[in-house]
Amino acid sequence: MSDLRQTGPGGPPSKDFRLDRQRGKLMGVCAGIAAYFGIDVNLVRAGFVIATLVGFGSAILIYLAIALIAD
């Protein structure tokens, strides 16, 4: 039996962090974070874009590290 939790915006947060490749655009990191905290995935994506612009690209390294570690 597979453990497929359907968590969306406003839904209950997931109990463990997993990459969400079905709802993800690139690697599923932002969708996985959104499912974990139970928030909208577009807010997480916007946060990564703002963090990348403000942090001079350091958020890209964090994104890649999460994608490699959580895989």
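Readers should treat all values here as calculations from the given coordinates under stated rules, not as data from a laboratory. Note that this is a predicted model, so its numbers are computed, not measured. In this analysis, Cβ positions are derived from the backbone assuming ideal geometry, glycine residues included, and neighbour counts consider all displayed protein chains.
List of remarks:
- Applying the set (1) within 20 Å of Asp16 (Cβ to Cβ); (2) outside any helix (DSSP H, G or I) to Ala67 leaves exactly one unmet item: (2).
- Unmet criterion (only one of (1) outside any loop (DSSP other than H, G, I, E, B); (2) in contact with a helix residue (DSSP H, G or I) (Cβ under 6 Å, 6 or more places away or on another chain)) for Ile62: (2)
- Residue list for the range 19-70, filter: in contact (Cβ under 8 Å) with a residue 40 or more places away in the chain and of a type in the set (S, T, N, Q): none
- Residue tally, condition exposed (fewer than 14 other Cβ atoms within 10 Å of the Cβ), more than 12 Å from the chain's Cα centre (by Cα) and not polar (S, T, N, Q), over the range 36-70: 12
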